[in-house]
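The values are calculated or read from the model by the stated rules, or taken from the named source; none is laboratory data. Since this is a predicted model, take the numbers as computed values, not measurements. Cβ coordinates were reconstructed from backbone atoms using ideal geometry, including for glycine residues, and neighbour counts include every protein chain displayed. These area figures cover heavy atoms from the full protein model, side chains too; ligands, DNA and RNA do not enter into them. Shrake-Rupley method; radii C 1.70, N 1.55, O 1.52, S 1.80 Å.
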Amino acid sequence: MFETQQKSTGTGYTTTAAFLIVAFIFIPAALMFWGHYGYGSISPTIAASTLCVGLAWINWKRSSQLSIPSISIPDARAK
């Protein structure tokens with residue numbers, strides 16, 4: 001039914017999700033934690049979050065360019 005020659009599209013979205021989790025959860029949590037001790041500053045936090053979102057965007061664009069394999073059986077005449 002399905003051809004065994006189909007390629008997997010990979011798991012490139014895992015890295016994108018990891019960058020977004022760091023940008024929107026861990027970096028603000030670190031700011032709240034270190035801010036209580038006077039070490040936190042909002043400028044490096046915004047810069048780090050922006051960097052993570054930018055890297056997530058780049059990774060998303062690269063991963064979304066992968067082609068999705070066809071589930072149909074290739075025509076023998078096409079070879």
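With a 1.4 Å probe and all protein chains in place, put Trp57, Trp34 in order of accessible area, largest first.
Ranked list, largest accessible area first: Trp57, Trp34.
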### Query
How much accessible surface does Ile21 have with a 1.4 Å probe, in Å² rounded to 10?
80
### Query
Once you list every other residue whose beta carbon is under 13 Å from the beta carbon of Leu55, what net charge do they have if Lys and Arg are +1 and Asp and Glu are -1?
+2
### Task
Would you mind computing, in nm to one decimal, how far apart the modelled labels at Thr14 and Ala29 are, each placed 7 Å from Cα along Cα→Cβ?
2.0
